[in-house]
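In what follows, a structure is listed as structure tokens, so that the remarks can point back to it.
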Amino acid sequence: MPHGYEVGYRLFTVNGRVLGHGEPIRVKSGERVLFHILNGSATEIRSLALPGHTFKVVALDGNPVPTPAEVPVLWIGTAERVSAIVEMRRPGVWVLGDLSNDDRNRGMGVVVEYAGRKGKPRWVAPPPFRWDYTRFGARDMKAKVPDEVIEMTFTKRNAAVHGFNEWAINGVPFDMDKMEPMFHLRQGRRYRLRMRNASDDIHPMHLHRHSFELTRIAGKPTAGVLKDVGCWAATRRWRWISRPTSRD
């Protein structure tokens, strides 16, 4: 395979049900509904839109954002969480679903039904929108100076290992047998991970039991957005606080 083997899916679900099966989300006009959304996929990055409505993002990965902001579309990486408020101002029966027609037709969505409204659920694609974490950052705050900066470049070699893609950080593929550390850290120190995605894929990253603060995205500074999962399409800079959490 010239581009390497990829994982494929026949069906997608929300809360275990494909679109059109199970009970709809029932709402009333004028309500403010808080959605806690988790991308439970191991490989898929998902989008989500509700025609005629906007999402006011109030938290990312369980951390309140400094600047809650409204967006027409959510982009959610693998294992990423978004908490967003939607004001119900467009009575009808709608599809809350993925922007991809193929994936939505394979089940990636759920029906939202206003009280007293019946009929076939409608889907209307939103206008083009670019997801940007910095819109949720603090506008009057600067990230603290790190104790050390770690450079990390992510690369991919298509179909390099028996038809499967090979990923590497700073040119070194991770070896599950050797488990050799690439970086040595000290508890309590502040590290800036300057990550560059040099592949042609959007790439998710997760720091087990740690949180990081976004400090710069594609050259745009920001502060105050704390996460433990992120998906990056271009150069990203994080500050990693080496402080374990209580989660396993």
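The values are calculated or read from the model by the stated rules, or taken from the named source; none is laboratory data. These numbers were taken from a predicted model, which means no experiment stands behind them. Reconstructed Cβ throughout: ideal geometry from the backbone, glycine too, with neighbour counts over all protein chains shown.
Quick one: would you say residue 7 is more than 16 Å from the chain's Cα centre (by Cα), assigned to a loop (DSSP other than H, G, I, E, B), farther than 30 Å from residue 224 by Cβ and outside the structural domain of residue 155 (by TED's automatic domain parsing)? When the stated conditions are applied, residue 7 passes them.
Out of curiosity, is residue 7 in contact (Cβ under 8 Å) with a residue 24 or more places away in the chain, loosely packed, with under 11 Cβ neighbours inside 10 Å and among the β-branched types (Val, Ile, Thr)? For residue 7, the condition - in contact (Cβ under 8 Å) with a residue 24 or more places away in the chain, loosely packed, with under 11 Cβ neighbours inside 10 Å and among the β-branched types (Val, Ile, Thr) - is met. Residue under question is residue 43, and the condition is that it be among the polar types (S, T, N, Q) and in a strand (DSSP E or B); does it hold? Criteria not met by residue 43. The single residue among 129, 136 that is at pLDDT 95 or above, within 30 Å of residue 103 (Cβ to Cβ) and either in contact with a Pro (Cβ under 9 Å, 6 or more places away or on another chain) or acidic (Asp, Glu) (or both) turns out to be 136. Just one of the listed residues (151, 113) is surrounded by 15 or more Cβ atoms within 10 Å (Cβ to Cβ), in a strand (DSSP E or B) and acidic (Asp, Glu), namely 113.
When each of 75, 94 is tested for being aromatic (Phe, Trp, Tyr), outside the structural domain of residue 158 (by TED's automatic domain parsing) and either assigned to a loop (DSSP other than H, G, I, E, B) or touching a residue at least 60 places away in the same chain (Cβ under 8 Å) (or both), the lone residue that passes is 75. Flag: residue 99 does not match the condition of being touching a residue at least 12 places away in the same chain (Cβ under 8 Å) and part of a strand (DSSP E or B).
Filtering the stretch 210-248 to residues that are modelled with pLDDT under 50 and either β-branched (Val, Ile, Thr) or surrounded by fewer than 17 Cβ atoms within 10 Å (Cβ to Cβ) (or both) leaves 234, 235, 241, 242, 243, 244, 245, 246, 247, 248. Evaluating residue 19 against the criteria (1) at pLDDT 95 or above; (2) outside any strand (DSSP E or B); (3) touching a helix residue (DSSP H, G or I) at 6+ places or on another chain (Cβ under 9 Å); (4) closer than 30 Å to residue 212 by Cα leaves one unmet condition, (4). Answer yes if at least one residue in the stretch 194-209 is more than 30 Å from residue 3 (Cβ to Cβ), modelled with pLDDT under 85 and either among the acidic types (Asp, Glu) or part of a loop (DSSP other than H, G, I, E, B) (or both), and no otherwise. Looking through the stretch 194-209, at least one residue is more than 30 Å from residue 3 (Cβ to Cβ), modelled with pLDDT under 85 and either among the acidic types (Asp, Glu) or part of a loop (DSSP other than H, G, I, E, B) (or both). Screening the candidates 127, 146, 173 for the property of being of a type outside the set (D, E, K, R) and within 30 Å of residue 21 (Cα to Cα) yields one hit, 127. Does residue 171 qualify as being exposed (fewer than 14 other Cβ atoms within 10 Å of the Cβ), of a type in the set (Gly, Ala, Ser) and in contact (Cβ under 8 Å) with a residue 40 or more places away in the chain? The answer is no for residue 171.
Just to verify a result, which residue in the stretch 106-143, among those that are without any contact (Cβ under 8 Å) to a residue 24 or more places away in the chain and within 25 Å of residue 12 (Cβ to Cβ), is nearest to the chain's Cα centre (by Cα)? Filtering the stretch 106-143 for residues that are without any contact (Cβ under 8 Å) to a residue 24 or more places away in the chain and within 25 Å of residue 12 (Cβ to Cβ), the one nearest to the chain's Cα centre (by Cα) comes out as 130. Of the residues screened, residue 178 is not one that is part of a loop (DSSP other than H, G, I, E, B), loosely packed, with under 15 Cβ neighbours inside 10 Å, at pLDDT 95 or above and out of contact with any Cys (no Cβ under 7 Å at 6 or more places or on another chain).
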